[in-house]
Every structure is written in structure tokens, then in C-alpha cells.
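**Student:** Structure in C-alpha cells, see below.
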Amino acid sequence: MAEQGHRQRPRLVLVATPFQGHINPLLQLSAILHSKGFSITIVHTQFNSPDPSNCPDFNFLFIQDGLSDHDIASLDLTAIVLVLNDRCRLPFQECLAKLVEEQETDDDRIVCVIYDELSYFSEAAAHNLKLPSIIFRTNNANSFLARSVLIEMYAQGHIPLADPMSQEAVLEHPPLRLRDLPISSFGPMKNFFKLMGNARDVRRSSAIIYNTMDCLEESSLTKLQQQCHVPIFAIGPVHKIVPAPSCRLLEEDSSCMSWLDKQAPNSVIYVSPGSLASTNEKDLIEMAWGLANSKQPFLWVVRPGSVHGSECFESVPGGLREIVGERGCVVKWAPQKEVLAHNAVGGFWSHCGWNSLLESVSEGVPIICRPSFGDQKVTARYVSQVWRVGLHLEDELERGEIERVVRRLMVDKEGEGMRQRAMNLKEKAELCIRTGGSSYNSLNKLVELIKSF
Ligand code: UDP
């Protein structure tokens with residue numbers, strides 16, 4: 001895509017990891033840096049490639065990832081990321097070398113490569129071409145510290161845990177319990193720890209960007225900075241700083257917005273498992289009954305393929321459509337940021353993906369946490385125990401318990417307290433990105449660093 005009008009801007013190359021929860025914040029970071037005067041080139045795999053036509057301000061380059069349909073169907077998420085890192089190294093090196101060769105003037109030279117932490121293959125190519133690089137971590141400081149504990153325990157032979165549901169406290173990282181440690185449910189343990197180790201390694205990169213903010217994680221960020229030899233910039237929530245284009249991997253159903261318009265303020269519980277988590281049919285049926293019996297209206301995202309054994313919600317047996325009835329609205333993919341900003345939405349049943357968490361607290365919406373795997377478990381613990389803006393639904397899903405939890409959040413006094421604290425966090429998040437706020441200052445320092453390269 002041509003970039004007329006932007007030829008004289010210094011160029012940044014950003015490398016995406018091809019999952020929705022990574023593409024969104026990378027595009028948001030790109031929009032922020034574009035607003036700071038940089039020209040943006042996004043390098044992406046062909047697997048899960050976004051539609052560049054949604055992002056006219058950015059240049060897109062697609063590299064061969066060597067993933068076949070068979071690989072995608074047969075590999076787990078951890079294995080896919082490991083394979084991508086093996087197979088993208090060379091194509092990226094060639095792509096970057098070509099970009100450097102094509103530079104016309106010193107003004108539009110590539111100043112830096114910014115890569116998602118899971119696309120760590122990028123660092124070697126940048127280094128070979130004598131370009132500085134910066135890591136972008138789309139998760140949070142608490143999870144990073146928890147991963148470090150986990151890696152240490154693995155090295156000492158304590159993983160897998162004797163009791164994966166253990167309530168025992170993690171002494172180095174209160175308020176976590178052993179059961180909250182961010183273990184993956186995908187593939188062999190040794191692959192997971194290989195990936196975690198690789199993603200943790202700063203290599204020769206010059207800095208780390210986090211999509212988080214002091215008002216949520218000040219002490220963990222301080223701890224992290226003490227352990228790290230390069231500067232850390234916490235600049236989040238990135239989706240709130242400048243308007244950014246979105247590239248959805250699934251088609252969005254915005255009809256739910258007119259459904260929301262008909263609901264009373266703060267009455268709707270929005271339910272979404274994000275882009276990767278899935279559930280089984282039994283849990284889906286318990287959720288449907290629990291939500292219906294709670295008497296609260298609900299907007300529910302059921303992605304195609306997110307229920308094991310069923311292609312989509314309509315194909316699930318058990319008369320679920322009737323259970324859901326008038327009070328519920330089910331979609332395959334929602335405009336989540338707009339949904340959470342709608343005044344009818346009073347609660348979010350979330351898997352606690354980090355983007356979802358940031359989007360929820362940025363709108364003052366309290367949360368029912370139902371984490372599925374990895375970092376989500378850490379975030380759920382912080383939501384319920386530290387920030388106290390939600391409830392953690394931990395045990396087996398059962399309709400009576402779901403009904404009670406929904407009412408505790410949406411109707412009871414307890415939920416009112418959580419909503420109030422969520423509103424306070426929303427205000428604090430706004431202050432973080434406003435002139436003089438911690439994220440605002442971090443962003444300016446990041447831009448200064450990039451300009452100094
Ligand atoms: N999302 C969306 N519509 C949906 C569900 C999710 O737009 O119906 C977006 C959501 O706003 C977030 C991203 O998908 O930006 C999911 O990222 P997150 O980190 O929350 O979870 P992940 O999908 O990575 O587990």
C-alpha cells in the first residue's frame with residue numbers, strides 16, 4: 001500500500017503475533033506512534049492475517065509463515081507460536097533487509113523494530129541489520145512476575161503441581177495461590193516452558209512496552225523494573241489514547257447494539273470468552289439456564305467453534321434458544337469496546353483476557369471472572385482480591401450458582417460496591433493517559449528514546 005504524504009516520516013516496523021488479542025493492541029500502539037509522527041509498517045504472518053484496507057495509514061507486509069491448514073488444525077496454540085518463530089525468522093530477515101535497502105532518504109529510514117513478545121524471531125533480524133528493537137508485551141506485569149515464579153518452580157521440578165487446585169499461597173507473589181499460576185492447557189509442558197523462556201528473554205532489545213498502567217500495577221511494575229536492565233514503559237490502556245483501526249478475524253454482529261438500546265441502564269450482563277477460550281456443551285447449557293434464571297438481560301458471545309462438539313450456538317441441542325428467549329441476545333462476535341461503553345451494560349462475564357480486562361475497567365464495568373488458562377487466572381485473582389471490581393467463579397459451572405453470582409454482581413449491594421470501585425478505576429485510568437499522568441509521561445519518554453536511535 002502506498003504511503004503518499006508520509007514518506008518523510010521516520011519509519012517504525014511493528015511485528016504482530018497473529019491472534020486477535022495481540023493484533024488489537026498492536027494496531028492501537030501503531031495508531032499512537034503514527035500520531036507521534038512516525039510512519040508505520042506492520043509485518044504480519046499470512047496465518048490470521050488482518051485486512052489492511054481497514055488501516056489506510058499503515059503499510060502492511062505479509063511474510064510466509066509456512067503453516068499449512070494441516071498444521072493449524074493439528075497443532076495447539078503453543079506449538080503454533082513455536083513453529084511460527086522457527087519458520088518466520090528467515091522471511092522476516094529478508095523482508096526487513098529489503099525495506100532497509102529501499103530507504104530513500106535519511107528522513108524515512110527505519111529507526112526501530114517493535115515486536116510482540118511472542119514474535120521474538122524479530123529480534124535477531126533487527127540486530128543483524130543493526131536496527132534497535134523494542135519488545136511489546138500485550139499482557140501485564142503481574143502475569144509476567146507470576147510466569148517467572150512458574151518458570152523457577154519448573155526448573156526445580158515442582159511442575160506439574162501435585163494438586164493443580166491447591167489453595168496454598170505463592171509466597172513470592174501474594175495474593176496468588178498455586179492454582180492461580182499461569183499454566184497453559186495447550187500441548188506438552190516442555191513446549192510451554194520453552195515458549196515462556198523465549199518470550200521472557202529480552203535478548204539485545206533496548207526497552208519493553210507494556211499495555212498496562214500504574215493505577216493497576218504500580219508495585220509490580222516497580223519490581224519488574226528493578227529486575228530488568230532495560231527501561232520499561234507502561235503506556236496503557238492503549239485503546240483509549242487515540243482512535244485506532246480495528247482488524248477483526250471474525251465478522252462482527254452489530255445488531256446487538258440496537259438490542260442494547262432497548263435495555264435499562266446497567267441491567268445487561270455481557271458474556272464473552274474472548275477469541276481463543278472454549279467451553280463444553282454441558283457448561284454452555286448450565287450457563288444458559290443460570291443466565292436465564294437470573295432474570296437479568298444478557299448479551300452472549302458464542303464464537304463458532306468455541307463449544308466443543310458444536311459448530312455454532314444454533315447447533316447446540318437442548319432447546320437453548322427457547323431458554324435464552326426474549327431476555328437474551330446471542331451473537332458470534334460483538335463490537336466489544338462499544339458494548340462495554342453502552343450504558344445498558346452493567347457487568348461483564350469475562351475469561352479475563354488482558355484486553356478485555358482493560359476494556360472493562362476503562363468503562364467502569366465490574367466483572368464475573370471465569371478464566372480459562374494462562375495469564376487469565378492471574379488477572380482473575382487480582383480482579384477479585386486486589387482491585388475488588390468483580391467476583392471469581394471458580395468451581396464447576398452449575399446453573400444455581402451462576403444465577404446467584406449474576407445477581408450478586410448485578411443486583412445486590414455487594415455488586416454496587418464493585419461497580420463503584422470499577423468507576424473509580426475508570427477515572428484513574430483516564431488520569432493515567434491525561435497530560436502529566438503516568439502512562440502519558442511513559443509514552444513521551446518512549447517516543448524520546450525512539451527518536452534518539
Ligand atoms: N473481542 C471483540 N468481540 C468479541 C470478543 C472479543 O471485539 O465478541 C475483542 C476484545 O475487545 C479484545 C479481544 O477481542 O480486544 C480479545 O482479547 P483478550 O486479551 O481479551 O482475550 P484473548 O482473545 O486474547 O483470549
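The values are calculated or read from the model by the stated rules, or taken from the named source; none is laboratory data. Every value quoted in this text rests on a predicted model; they were computed, and no experiment measured them. Because the Cβ atoms are built from the backbone with ideal geometry, glycine has one as well, and the counts that use them run over all protein chains shown.
**Student:** Taking VAL271 as the residue in question, decide whether it is at pLDDT 95 or above, within 16 Å of the ligand (Cβ to nearest atom), closer than 20 Å to PHE373 by Cα and outside any loop (DSSP other than H, G, I, E, B).
**Tutor:** Yes: the conditions hold for VAL271.
**Student:** Okay, moving on. Out of all the residues in the range 361-395, which are within 21 Å of ASN343 (Cα to Cα), out of contact with any Pro (no Cβ under 6 Å at 6 or more places or on another chain) and among the β-branched types (Val, Ile, Thr)?
**Tutor:** Hits for the range 361-395 are VAL361, VAL365, ILE367, ILE368.
**Student:** Which one of ALA169, ALA162 is touching a strand residue (DSSP E or B) at 6+ places or on another chain (Cβ under 8 Å), surrounded by fewer than 19 Cβ atoms within 10 Å (Cβ to Cβ) and farther than 30 Å from VAL447 by Cβ? Reasoning before the result, please.
**Tutor:** Working: ALA162 fails: touching a strand residue (DSSP E or B) at 6+ places or on another chain (Cβ under 8 Å).
None of the other options fit; the residue is ALA169.
**Student:** Name the one entry in LYS332, LYS262, LYS337 that is away from the ligand (no atom under 12 Å from the Cβ) and under 28 Å from SER362 (Cα atoms).
**Tutor:** Values: LYS332 fails: away from the ligand (no atom under 12 Å from the Cβ); LYS337 fails: away from the ligand (no atom under 12 Å from the Cβ).
None of the other options fit; the residue is LYS262.
**Student:** Quick check on the range 318-347: of everything there that is free of Cβ contacts under 8 Å to residues at least 24 places away in the same chain and over 29 Å from the mean Cα position of the chain (by Cα), which residue is surrounded by the most Cβ atoms within 10 Å (Cβ to Cβ)?
**Tutor:** Residues of the range 318-347 that are free of Cβ contacts under 8 Å to residues at least 24 places away in the same chain, as a first pass: 319, 321-322, 326, 341.
If we keep only those that are over 29 Å from the mean Cα position of the chain (by Cα) too, we end up with 319, 321-322, 326.
Numbers: GLY319: 10, ARG321: 13, GLU322: 9, GLU326: 6.
Checked the range 318-347; the qualifying residue surrounded by the most Cβ atoms within 10 Å (Cβ to Cβ) is ARG321.
**Student:** Another one. Tally the residues that are part of a helix (DSSP H, G or I) and within 22 Å of THR279 (Cα to Cα), restricting the search to the range 361-382.
**Tutor:** Of all residues in the range 361-382, those part of a helix (DSSP H, G or I) come to 361, 375-382.
Still in the list and also within 22 Å of THR279 (Cα to Cα): 375-381.
Adding up the residues that qualify gives 7.
**Student:** Has the range 367-382 got at least one residue that is away from the ligand (no atom under 16 Å from the Cβ), more than 30 Å from SER258 (Cβ to Cβ), within 19 Å of the chain's Cα centre (by Cα) and crowded, with 20+ Cβ neighbours inside 10 Å?
**Tutor:** Taking the range 367-382 as the starting set, the residues that turn out to be away from the ligand (no atom under 16 Å from the Cβ) are 381.
Checking which are more than 30 Å from SER258 (Cβ to Cβ) leaves us with 381.
Filter once more, so that each one left must be within 19 Å of the chain's Cα centre (by Cα): 381.
Now drop any that are not crowded, with 20+ Cβ neighbours inside 10 Å, which leaves 381.
There is at least one residue in the range 367-382 that is away from the ligand (no atom under 16 Å from the Cβ), more than 30 Å from SER258 (Cβ to Cβ), within 19 Å of the chain's Cα centre (by Cα) and crowded, with 20+ Cβ neighbours inside 10 Å.
**Student:** Is at least one residue of the range 229-248 at pLDDT 95 or above, out of contact with any helix residue (DSSP H, G or I) (no Cβ under 9 Å at 6 or more places or on another chain) and either on the phi > 0 side of the Ramachandran plot or away from the ligand (no atom under 13 Å from the Cβ) (or both)?
**Tutor:** Yes, some residue in the range 229-248 is at pLDDT 95 or above, out of contact with any helix residue (DSSP H, G or I) (no Cβ under 9 Å at 6 or more places or on another chain) and either on the phi > 0 side of the Ramachandran plot or away from the ligand (no atom under 13 Å from the Cβ) (or both).
**Student:** Would you mind telling me which numbered condition in (1) at pLDDT below 95; (2) part of a helix (DSSP H, G or I); (3) not charged (D, E, K, R) THR105 fails?
**Tutor:** With (1) at pLDDT below 95; (2) part of a helix (DSSP H, G or I); (3) not charged (D, E, K, R) applied to THR105, the lone miss is (2).
**Student:** What residue, among those in the range 340-360 that are within 21 Å of ILE402 (Cα to Cα), part of a helix (DSSP H, G or I) and not aliphatic (A, V, I, L, M), is nearest to the ligand (Cβ to nearest atom)?
**Tutor:** This residue is SER356.
**Student:** Test each condition in (1) within 16 Å of the ligand (Cβ to nearest atom); (2) among the acidic types (Asp, Glu); (3) without any contact (Cβ under 8 Å) to a residue 60 or more places away in the chain for ASP71 and report the one that comes out false.
**Tutor:** With respect to (1) within 16 Å of the ligand (Cβ to nearest atom); (2) among the acidic types (Asp, Glu); (3) without any contact (Cβ under 8 Å) to a residue 60 or more places away in the chain, ASP71 is out only on (1).
**Student:** Is it the case that ARG421 is more than 10 Å from the ligand (Cβ to nearest atom), touching a Ser or Thr at 6+ places or on another chain (Cβ under 7 Å), over 20 Å from ARG177 (Cα atoms) and part of a helix (DSSP H, G or I)?
**Tutor:** On the way: more than 10 Å from the ligand (Cβ to nearest atom): yes; touching a Ser or Thr at 6+ places or on another chain (Cβ under 7 Å): no; over 20 Å from ARG177 (Cα atoms): yes; part of a helix (DSSP H, G or I): yes.
For ARG421, the condition - more than 10 Å from the ligand (Cβ to nearest atom), touching a Ser or Thr at 6+ places or on another chain (Cβ under 7 Å), over 20 Å from ARG177 (Cα atoms) and part of a helix (DSSP H, G or I) - is not met.
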